[in-house]
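Reading through the structure tokens given below for one structure.
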Amino acid sequence: MIENIAAGFELFATTDNFLALFAGVSIGVIIGAIPGMTVTMGVALTLPFTFTMHPVTGILLLLGVYKGGIYGGSITAILINTPGTPPAACTVLDGYPLAKRGEAKRALDIALYSSCFADFMSNLALIGLAGFLAAFALRFGPPEFFTLIVFSLTIIAGVSGDHLAKGLIAACLGLALATVGLDLIYGTGRFVFDNYELMGGFSFIPVLIGLFAIPTIIDHYTRKPSARGHSSTLSKAGASWADVKHCFKSMVRGSIIGVVLGAIPGIGGAPAAFLSYSEAKRNSKTPENFGKGEIEGIAAAESGNNGVAGATMIPLLALGVPGDVITAVILGAFMIHGLRPGPLLFQENIDIIYAIFMGIMLSSVYLFIVGKVSIRFISKIADLPDNILLPVVLVLCAYGAYAVNNNLFDILVMLSMGVVGFVMLRTSVPAAPFLIAFVLGPLLEDSFRQSLQLSEGTLGIFLRNEICIAFWILTVLALVLTIRRSLRDHKAAKITPSLDG
Amino acid sequence: MNSVRSDLLFGLVIITATVLMATVVIPLGVDSPGNVDILALSPSFWPYIITSMMALIGVIMTLRAGLLLRTGTDVAATPHVEEAETDPDTDGSRDYSFAQASRRVAMCLVILFAYYLALEPLGFVAGSVLVIVALTLLTGERRAHVIAPVALLAPILLYLFFTHVAVVRIPLGLFEEWIT
């Protein structure tokens with residue numbers, strides 16, 4: 001064991017590895033911060049540079065891009081209401097309101113601390129619990145996915161605020177929008193209307209950008225110049241130790257959620273972020289502040305989404321199964337260098353595994369350094385006046401939406417969703433439930449139908465083991481708590497005017 | 001409009017929309033093969049489930065609002081108070097009048113969709129220069145030394161980044177041959 005660790009250290013401790021990892025994290029943060037540039041694109045673009053590198057150096061470069069990219073998405077989410085990546089969509093909910101209050105640096109700091117903490121926890125889980133979590137993850141089939149997503153959707157009640165019915169309608173609209181495209185099982189069109197652009201469904205990024213960034217731009221023109229001023233006055237004050245202490249529980253909870261969901265192939269960062277956010281809100285003493293600039297909301301979202309980063313490597317390294325597109329590209333990098341992840345890699349190339357583990361641990365430190373430096377420069381964006389900033393944001397969004405599929409149609413989708421988002425803003429229909437349902441909708445429907453295919457139509461499959469039953473119990477508990485809280489608030493609202501009167 | 005009336009209207013709009021979805025949009029928009037053995041596996045099953053949920057919420061909203069109006073319950077007693085009525089950002093002193101704001105939103109939308117239409121013939125760089133100038137002028141900014149550098153630099157820098165760093169081919173429209 002000690003010999004293997006020493007051999008791993010020898011492989012790892014080279015200048016090339018240190019530089020590659022640092023470059024990877026820096027590239028990742030920049031790519032993640034640009035709306036439309038996904039982490040997958042970043043990793044795929046970096047892949048050709050690894051061909052001539054040592055396997056460990058190449059893989060660490062890709063891992064750096066991956067980890068930096070997941071954090072980078074939160075920067076634009078907080079500063080300009082535009083999530084750089086789909087998992088950062090949850091960070092928008094509290095990050096942008098904080099930035100509008102002039103607390104952008106505090107929000108960015110907490111996003112960074114939560115990301116680094118969750119990333120570190122995720123790395124520890126990868127090193128210590130890979131075998132156990134991989135075995136647990138293998139028990140997840142379509143029925144377990146379905147019950148997990150149903151539980152995740154209970155957050156909709158929480159993010160709807162005072163407009164529960166409108167929130168539920170928004171969620172239904174999000175689910176409906178997610179059905180557009182070719183049917184997964186039969187391959188027939190749904191709401192395609194012979195338009196080939198619609199066959200693949202709507203891409204996440206143009207919809208996300210349209211729903212959050214464009215309404216802010218349109219709404220800006222309804223305000224008089226005296227009421228506009230700056231997008232936000234940037235306070236120099238970052239997050240305090242008290243903020244970190246206040247958010248610590250949510251960071252730990254979010255990291256655990258991220259690790260567990262990250263180990264399950266096919267889930268990704270967005271559901272982990274939403275579930276972590278939902279649990280933070282449920283356990284908060286001030287749940288009413290969520291969605292209005294609650295620092296704990298950012299910590300929960302970012303820890304949930306970054307907790308996934310190390311854990312997605314668990315099925316890849318332990319079983320040779322890529323959990324998402326990014327780890328599939330990393331699997332490709334292993335194979336290009338003649339390595340095949342899985343149990344055999346642990347037997348034949350354990351030194352490489354240890355070297356990668358060491359690099360992964362160092363990536364959390366690099367993420368902190370790169371994040372701190374980038375906050376210092378990027379947060380200056382918040383000081384620009386809206387008159388100048390918002391037209392530039394529109395152009396950035398257009399380039400980003402186009403870059404997803406190299407398709408002008410995505411810009412039309414972005415602008416149309418912007419109009420929908422603006423109407424929702426003005427009619428007090430919350431956008432968050434729409435977004436959550438749109439992101440989780442395809443997973444929900446696909447797992448539901450795959451389950452019924454497996455069981456030949458028998459609904460009993462959704463209760464087939466203790467994982468499914470546990471998620472149903474959690475769902476019922478979450479709904480009961482939400483209804484109780486709603487009734488209590490309703491009662492309090494009735495009493496207050498009568499006291500005033 | 002008070003919140004109960006707006007909820008009533010919203011509920012009625014939802015009910016109408018779901019009826020249209022169930023009777024026109026889903027039958028026309030979803031191609032269901034004839035040999036589906038299990039109803040829940042049909043491509044139209046999920047859209048119908050979503051429509052039914054929306055209809056149910058719409059009916060509950062309408063009934064609740066109707067009941068509150070009938071019993072004459074004080075609007076203030078309901079927690080559903082329109083944000084637009086209470087948000088200090090939208091009071092008369094900070095916002096344009098409804099007519100002025102509508103006109104400005106319409107102008108903004110015309111600029112946004114004209115930008116989309118201009119991207120193919122003019123390309124991203126020229127189209128983006130024009131949209132930045134147009135939107136900045138709409139905000140009331142008239143200083144050329146402020147508008148010109150931003151309008152020129154931002155699209156060009158983004159073009160260079162996406163083309164050379166991200167390796168995404170950005171269309172330049174009629175300037176394609178001229179530049180390349």
Index of the failed condition, A:GLY254 passing every other in (1) surrounded by fewer than 20 Cβ atoms within 10 Å (Cβ to Cβ); (2) modelled with pLDDT of 85 or more: (1)
Residue count for segment B:127-145, restricted to those that are over 16 Å from A:VAL393 (Cα atoms) and surrounded by fewer than 18 Cβ atoms within 10 Å (Cβ to Cβ): 5
Contacts under 8 angstrom Cβ, first residue in segment A:470-487 being farther than 16 Å from A:LEU168 by Cβ and in contact (Cβ under 8 Å) with a residue 24 or more places away in the chain, partner in a helix (DSSP H, G or I) and among the polar types (S, T, N, Q), 6 or more apart: A:PHE471/A:THR147; A:TRP472/A:THR147
Inter-residue pairs, beta-carbon under 8 Å, first on the phi > 0 side of the Ramachandran plot and part of a helix (DSSP H, G or I) and in segment A:214-235, second aromatic (Phe, Trp, Tyr) and modelled with pLDDT of 80 or more, 6+ apart: none
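Residues to consider are A:ALA309, A:ALA333, A:ALA318, A:ALA301; find the one that is in contact with a Lys or Arg (Cβ under 9 Å, 6 or more places away or on another chain), crowded, with 20+ Cβ neighbours inside 10 Å and not basic (Lys, Arg). Lay out the reasoning, then the answer.
Working: A:ALA333 fails: in contact with a Lys or Arg (Cβ under 9 Å, 6 or more places away or on another chain); A:ALA318 fails: in contact with a Lys or Arg (Cβ under 9 Å, 6 or more places away or on another chain); A:ALA301 fails: in contact with a Lys or Arg (Cβ under 9 Å, 6 or more places away or on another chain).
Sole residue among the options that is in contact with a Lys or Arg (Cβ under 9 Å, 6 or more places away or on another chain), crowded, with 20+ Cβ neighbours inside 10 Å and not basic (Lys, Arg): A:ALA309.
Could you go through segment A:476-495 and let me know if any residue there is modelled with pLDDT of 90 or more and either on the phi > 0 side of the Ramachandran plot or away from every other protein chain (no Cβ under 11 Å) (or both). It would help to see each step written out before you state the result.
Here is the first cut: in segment A:476-495, the residues modelled with pLDDT of 90 or more are A:476.
From the residues that got through so far, the ones that are either on the phi > 0 side of the Ramachandran plot or away from every other protein chain (no Cβ under 11 Å) (or both) too are A:476.
Looking through segment A:476-495, at least one residue is modelled with pLDDT of 90 or more and either on the phi > 0 side of the Ramachandran plot or away from every other protein chain (no Cβ under 11 Å) (or both).
Tally time: how many residues in segment B:73-121 are facing another protein chain (nearest Cβ under 9 Å) and modelled with pLDDT under 55? It would help to see each step written out before you state the result.
First, pick out the residues of segment B:73-121 that are facing another protein chain (nearest Cβ under 9 Å): B:74, B:76-84, B:89-90, B:93-96, B:100-102, B:104-105, B:107-109, B:112-113, B:115-116, B:119-120.
Then keep just the ones that are modelled with pLDDT under 55; that gives B:74, B:76-84, B:89-90, B:93.
Going through segment B:73-121 one residue at a time, the tally reaches 13.
Yes or no: segment B:160-170 includes at least one residue that is in contact (Cβ under 8 Å) with a residue 12 or more places away in the chain, crowded, with 18+ Cβ neighbours inside 10 Å and either more than 8 Å from chain A (Cβ to nearest Cβ) or of a type in the set (Ser, Thr, Tyr) (or both). So that I can check it myself, show each step before the final result.
Kept after step one, since they are in contact (Cβ under 8 Å) with a residue 12 or more places away in the chain, are these residues of segment B:160-170: B:170.
After this cut, where a residue has to be crowded, with 18+ Cβ neighbours inside 10 Å as well, the list is B:170.
With the extra rule that they be either more than 8 Å from chain A (Cβ to nearest Cβ) or of a type in the set (Ser, Thr, Tyr) (or both), the set shrinks to none.
Scanning segment B:160-170, I find no residue that is in contact (Cβ under 8 Å) with a residue 12 or more places away in the chain, crowded, with 18+ Cβ neighbours inside 10 Å and either more than 8 Å from chain A (Cβ to nearest Cβ) or of a type in the set (Ser, Thr, Tyr) (or both), so the answer is no.
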Residue, farthest from A:PHE22 (Cα to Cα), within segment A:354-413, restricted to residues that are of a type in the set (S, T, N, Q) and over 22 Å from the mean Cα position of the chain (by Cα): A:ASN387
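Among the residues of segment A:456-467, what is the count of those that are β-branched (Val, Ile, Thr) and either surrounded by 13 or more Cβ atoms within 10 Å (Cβ to Cβ) or touching a residue at least 12 places away in the same chain (Cβ under 8 Å) (or both)? Let's see the steps before the verdict.
From segment A:456-467, those β-branched (Val, Ile, Thr) are A:458, A:461, A:467; that's our starting set.
Pick out the ones that are also either surrounded by 13 or more Cβ atoms within 10 Å (Cβ to Cβ) or touching a residue at least 12 places away in the same chain (Cβ under 8 Å) (or both) and you get A:461, A:467.
Total satisfying the criteria: 2.
Taking the residues in segment A:418-433 that are part of a helix (DSSP H, G or I) and facing chain B (nearest Cβ under 10 Å) as candidates, determine which candidate is nearest to the chain's Cα centre (by Cα). I'd like the intermediate steps shown before the answer.
The initial filter retains those residues of segment A:418-433 that are part of a helix (DSSP H, G or I), namely A:418-426, A:431-433.
So of that shortlist, the ones also facing chain B (nearest Cβ under 10 Å) come out as A:418-419, A:422, A:425-426.
Numbers: A:GLY418: 21, A:VAL419: 24, A:PHE422: 23, A:LEU425: 23, A:ARG426: 27 Å.
Result: A:GLY418.
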B:THR163 being within 23 Å of the chain's Cα centre (by Cα) and of a type in the set (Val, Ile, Thr): no
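Give the number of residues within segment A:403-415 that are polar (S, T, N, Q) and more than 9 Å from chain B (Cβ to nearest Cβ).
Looking only at segment A:403-415, we keep the residues that are polar (S, T, N, Q), and these are A:405-407.
Subsequent filtering for residues that are more than 9 Å from chain B (Cβ to nearest Cβ) retains A:405, A:407.
Result for segment A:403-415: 2.
Run down B:ALA99, B:ALA126, B:ALA151, B:ALA118 and say which single residue is of a type in the set (Gly, Ala, Ser) and touching a Ser or Thr at 6+ places or on another chain (Cβ under 8 Å).
Working: B:ALA99 fails: touching a Ser or Thr at 6+ places or on another chain (Cβ under 8 Å); B:ALA126 fails: touching a Ser or Thr at 6+ places or on another chain (Cβ under 8 Å); B:ALA118 fails: touching a Ser or Thr at 6+ places or on another chain (Cβ under 8 Å).
Step by step, each of B:ALA99, B:ALA126, B:ALA151, B:ALA118 is checked, and only B:ALA151 is of a type in the set (Gly, Ala, Ser) and touching a Ser or Thr at 6+ places or on another chain (Cβ under 8 Å).
Test of understanding: among A:MET53, A:MET37, which residue is assigned to a loop (DSSP other than H, G, I, E, B), touching an Asp or Glu at 6+ places or on another chain (Cβ under 8 Å) and either under 28 Å from A:ILE214 (Cα atoms) or among the hydrophobic types (A, V, I, L, M, F, W, C) (or both)?
A:MET53
Yes/no per residue for (1) among the acidic types (Asp, Glu); (2) in a helix (DSSP H, G or I); (3) surrounded by fewer than 22 Cβ atoms within 10 Å (Cβ to Cβ):
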position	(1), (2), (3)
A:ILE411	no, yes, no
A:SER416	no, yes, yes
A:LEU435	no, yes, no
A:PHE438	no, yes, no
A:ASP446	yes, yes, yes
A:LEU454	no, yes, yes
A:ILE469	no, yes, yes
A:ALA478	no, yes, yes
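The values are calculated or read from the model by the stated rules, or taken from the named source; none is laboratory data. Remember, predicted model here, so these are calculated numbers, not experimental data. Because the Cβ atoms are built from the backbone with ideal geometry, glycine has one as well, and the counts that use them run over all protein chains shown.
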